[in-house]
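The next block holds one structure in the form of structure tokens; read it before the comments.
Read-outs throughout are calculated quantities, based only on the coordinates presented, and are distinct from any laboratory measurement. Note that the coordinates shown come from a computational prediction; the quantities given were computed from them, not determined experimentally. FYI the Cβ positions are ideal-geometry reconstructions off the backbone, even for glycines, and counts take in every protein chain you see.
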Amino acid sequence: MSFLDDQVRAPEEGDEARRRFGTFGGVFTPTLLTILGVIMYLREGWVIGNAGILGGLLIILLAYAITICTALSMSSITSNIRIGAGGAYAIISQSLGLEVGGSLGIPRYLSQALAITLYIFGFREAWIWIFPDHPAFLVDVAIFLILWAIAYKSADLAIRVQYLIMAIIIGSLLSIAIAAYSGSMQYDVADVGLWGSFRGAPETDFKGTSFWIVFAVFFPAATGIMAGANMSGELKDPRRSIPIGTMAAIGVSLVVYLLLAYWVARSATPDELVENYYVMIDKASWGPLVAGRLVGGWLVVAGVFGATFSSALASMVGAARILQAMGEHRVIPGGAWVGTLTRKGEPRNSMLITGGIVFATLLMRDLNAIAPLITMFFLITYAMLNVVVLIEQSLGLVSFRPLLRVPRIVSVLGLIGSLFAMFIINPTVSLVSVAVVVAFYGVLTRQQMEAPFEDVRSGLFVAFSEWAAKKVTDMPAMQERAWKPNLLVPVEDVRQLRGAFSIIQNITHPKGSVKLLGLSRRDGQANDLPAGLTNMTRAFRERGVFSSSMVVDDGSFSDTLIAGMQVLQGAFFRPNIVFLNMPETEEREDAYRRVIAQATALKLGTLVYAAHPVASLGQRQHINVWIRDRSPDWRLSWDIGNLDLSILTAYKLMRNWNAQMRVITVISNESEEENARRFMSRLVDLARIPDTEVVVAKGAFNTYVGQAPQADLNIFGLVPNPDFDVIRRMVETTKSTCLFVQDSGRESALA
């Protein structure tokens with residue numbers, strides 16, 4: 001079978017052929033080997049020399065506290081879900097959606113790939129220490145090719161190689177144990193000191209350092225807990241293997257670090273620990289004689305090689321699987337090709353990309369500038385894992401039933417610790433890394449991705465809504481400053497709604513809402529009403545207006561609409577305005593009067609829309625708002641009568657149409673003109689409606705209406721028991737579409 005024949009299928013959910021690794025090989029081994037890395041061999045002594053035995057142990061325990069809290073959070077969430085490929089990317093995506101998962105997964109993948117290069121450089125430095133004449137670049141390329149070939153061949157081969165490396169590291173630790181038994185621990189703890197002098201490092205001429213800088217140097221040693229989780233797509237039982245394997249690896253490595261700290265503190269002077277990064281190799285030379293030579297130190301050298309090689313190999317295998325998982329979900333361009341697996345479940349296409357990135361970074365020769373960024377992306381991932389568990393714990397959803405439950409304080413401490421470590425290590429790089437994640441999120445949210453799994457975002461929004469609903473319930477009923485138009489629109493025939501669609505949208509956009517109440521007729525002529533309402537709801541949402549719909553069967557128009565109005569009063573997002581088209585029959589006029597009376601009783605506003613058959617809404621450039629003659633009392637108070645909803649509606653339309661607005665009143669007594677004008681001007685000023693013309697006319701109202709400045713929409717007050725013949729005459733007289741408005745009493749144009 002050729003190589004091309006092997007690249008034949010995309011991954012399938014539940015593909016058991018891929019799930020072939022158990023807890024020990026798939027999680028414990030790569031996690032332990034990544035944690036027991038080069039920092040253990042070449043920097044732990046330096047940490048103890050600077051911080052002292054007590055300070056050094058505190059640094060180790062603090063770093064592990066953050067790691068343990070995060071690992072417990074990760075273990076809890078993985079015991080609750082059917083985790084797919086991609087490790088942390090899969091966990092976050094299945095909880096907060098592909099957008100959040102991808103915004104973290106992309107930089108996480110890149111940092112994992114760059115970490116491979118750093119591990120290769122670490123291997124090369126140890127190699128050059130022994131063989132100084134070997135060309136550095138050729139050593140880098142040779143190690144890269146070996147790593148990539150192993151990872152490309154199969155994960156099985158990588159795991160078998162890691163078994164060999166584990167044996168080497170165990171051998172190096174045994175050589176240290178033998179050295180301790182043979183008498184290497186010549187000094188008392190008091191000689192190194194409980195608290196160090198923080199002299200600094202050789203490369204800075206020992207100009208001094210601080211506790212937190214030493215912590216920042218050590219902390220990356222504790223960031224290898226995701227190595228096993230990255231293999232999630234190829235574990236036989238990830239729900240069991242990830243928690244057990246990860247926590248076991250953390251426990252074993254913590255014991256190793258603590259014992260090594262004690263050993264190195266008693267085996268070397270503080271000066272030796274600070275000045276010699278290779279002190280552990282030197283002090284392990286107390287090992288046994290083999291063929292006449294001391295082998296303890298050489299076993300530690302082999303351990304250094306094994307630590308860097310195993311970390312690079314685990315990162316190579318894990319990075320490719322993160323990329324493959326993102327390709328499978330189409331988070332990245334070319335996802336179909338990147339997400340392809342071989343018949344044996346190997347992500348060779350993503351391995352090709354990963355190999356190319358690593359080789360390109362090898363040419364840079366120095367990654368010190370971006371090395372802190374790598375750690376930051378790891379820490380952001382840890383922080384988000386804790387956030388995921390906190391959200392799941394707080395929502396109280398029945399779907400959150402993890403087999404491993406952890407107290408909420410664990411996730412809180414993990415989150416705080418991760419953020420704390422970020423800004424202790426490098427505040428500037430921390431902000432840059434957060435900005436990168438936010439930028440990726442902004443790009444991904446525009447792609448409208450569809451995930452093959454459910455997430456908890458809807459539950460999160462519902463929880464916020466419930467919290468808000470409880471808070472609003474505890475507040476006074478009159479919340480005039482928070483008012484926005486939420487229209488209840490009865491619909492018997494969707495075709496009638498299309499004529500009023502534009503003005504409904506313009507009244508409610510952008511923060512209002514529309515509730516379409518379908519009234520199914522008994523004659524059976526509106527069987528397509530639910531589908532039509534669904535389409536109209538979608539149309540409102542596409543234009544930036546939140547909309548929902550429901551259909552009520554049976555009953556008369558007024559009875560059904562009134563029942564709907566009453567029921568919706570108990571909803572959190574309840575309508576505050578009833579929108580009615582002009583009635584066509586006397587029977588419907590009577591029904592409207594009942595509806596308007598009930599709306600007034602329920603504290604709902606009413607809008608009766610009377611469209612002109614020819615002019616419609618015209619050019620949408622002018623709006624007239626008519627105010628009744630208030631003579632002789634033109635005093636202005638918070639209660640301005642049936643004007644609030646008229647002014648607010650006109651203002652919304654003026655903004656959305658970019659139109660001009662007039663307020664008009666007609667007085668019968670000429671002596672009241674100055675009072676009326678003062679009232680109108682003051683009203684416009686307090687209502688904060690700019691560029692509004694004030695018109696005070698004298699004479700008979702019915703006469704002036706036909707002579708008033710032409711408008712595309714005229715807004716009049718609606719009396720409690722309206723005469724619809726008068727309303728029709730207003731449409732004819734003004735030669736325009738009219739809107740007749742009744743306040744609810746819960747809005748204020750002056751608020």
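Looking at the chain, the DSSP beta bridges with both ends there are about 15 percent antiparallel. Measuring nothing but how far apart in sequence close Cα pairs (under 8 Å, 6+ apart) lie, relative to its length, the chain scores a relative contact order of 16 percent. Scalar couplings 3J(HN,Hα) for region 600-610, obtained by applying the Karplus form with A = 6.51, B = -1.76, C = 1.60 to θ = phi - 60°, are 4, 5, 8, 6, 10, x, 9, 10, 10, 9, 10 Hz; x denotes Gly and Pro. If you find the alpha carbon centre of region 432-448 and of region 689-724, how far apart are they in angstrom? So the two Cα centres are separated by 51 Å. FRET efficiency for the N535 to D633 pair, using the beta carbon distance and R₀ = 45 Å, is estimated at 0.35. Dipole orientation for the chain: of the candidates M536, T606, S172, S172 has the Cα lying most toward the positive pole (charges on Cβ; Lys, Arg +1; Asp, Glu -1).
Multiplying the residue separation of I213 and A597 by 0.36 nm and removing their Cα-Cα distance gives an extension gain of 130.9 nm. For V578, the residues whose modelled amide H falls within less than 5 Å of its own, excluding neighbours fewer than 5 places apart on the same chain, are L488, G605, T606, L607. Hey, could you get me the Stokes-Einstein D for region 611-751, Kirkwood radius over alpha-carbon pairs, 10 °C and 1.306 mPa s, rounded to whole µm² s⁻¹? Answer, rounded: 103 µm²/s. Between the helical axis of 529-542 and the longest alpha-carbon principal axis of the chain there is an angle of about 70 degrees. Computed from the C-beta positions of I416 and K153 and an R0 of 35 Å, the FRET efficiency is 0.25 to the nearest 0.05.
Karplus-derived 3J(HN,Hα) values for region 338-355, using 6.51 cos²θ - 1.76 cosθ + 1.60 with θ = phi - 60°, are 5, x, 6, 10, 6, 4, 8, x, 8, x, 6, 5, 5, 5, 4, 5, 4, x Hz; glycine and proline are entered as x.
Angle between the Cα long axis of helix 136-153 and the longest principal axis of the chain, 0 to 90 degrees, nearest 10? Here the helix axis deviates by roughly 70 degrees. In this label model, A65 and D271 are separated by 3.5 nm, measuring between points 7 Å along each Cα→Cβ vector. When F701, F215, F546, F740 are sorted by how many other C-beta atoms sit within 10 angstrom of their C-beta, beginning with the fewest, the order is F701, F546, F215, F740. The long axis of helix 98-130 is offset from the longest Cα principal axis of the chain by roughly 20 degrees. Just list whichever of K207/K283; K484/K735; K515/K652 have alpha carbons separated by over 20 Å in the model shown. Cα-Cα > 20 Å for K207/K283; K484/K735; rest within. When the charge dipole of the chain is built from unit charges on Cβ atoms (+1 for Lys and Arg, -1 for Asp and Glu) and taken about the Cα centre, the candidate among V663, L580, F137 whose Cα reaches farthest toward its positive end is F137. Here V274, V608, V614 are placed in order of increasing Cβ neighbour count within 10 Å, fewest first, which gives V614, V608, V274. Ranked for footprinting exposure by Cβ neighbours inside 10 Å, fewest first, D528, D133, D629 give D133, D528, D629. Rounded to the nearest 20, the size of the Cβ-charge dipole of the chain about its Cα centre is 400 debye, with Lys and Arg at +1 and Asp and Glu at -1. Its Kirkwood hydrodynamic radius, worked out from the mean inverse distance over all distinct Cα pairs, puts region 31-445 at 21.8 Å. Annotation for region 535-581 versus region 49-122: alpha-carbon center distance of 48 Å. Using only alpha-carbon positions in the chain, the gyration tensor eigenvalues give semi-axes of 74, 28, 22 Å once each is multiplied by 5 and square-rooted (largest first).
Extension gain for E732 to M550 (0.36 nm times residue separation, less C-alpha to C-alpha distance): 62.0 nm.
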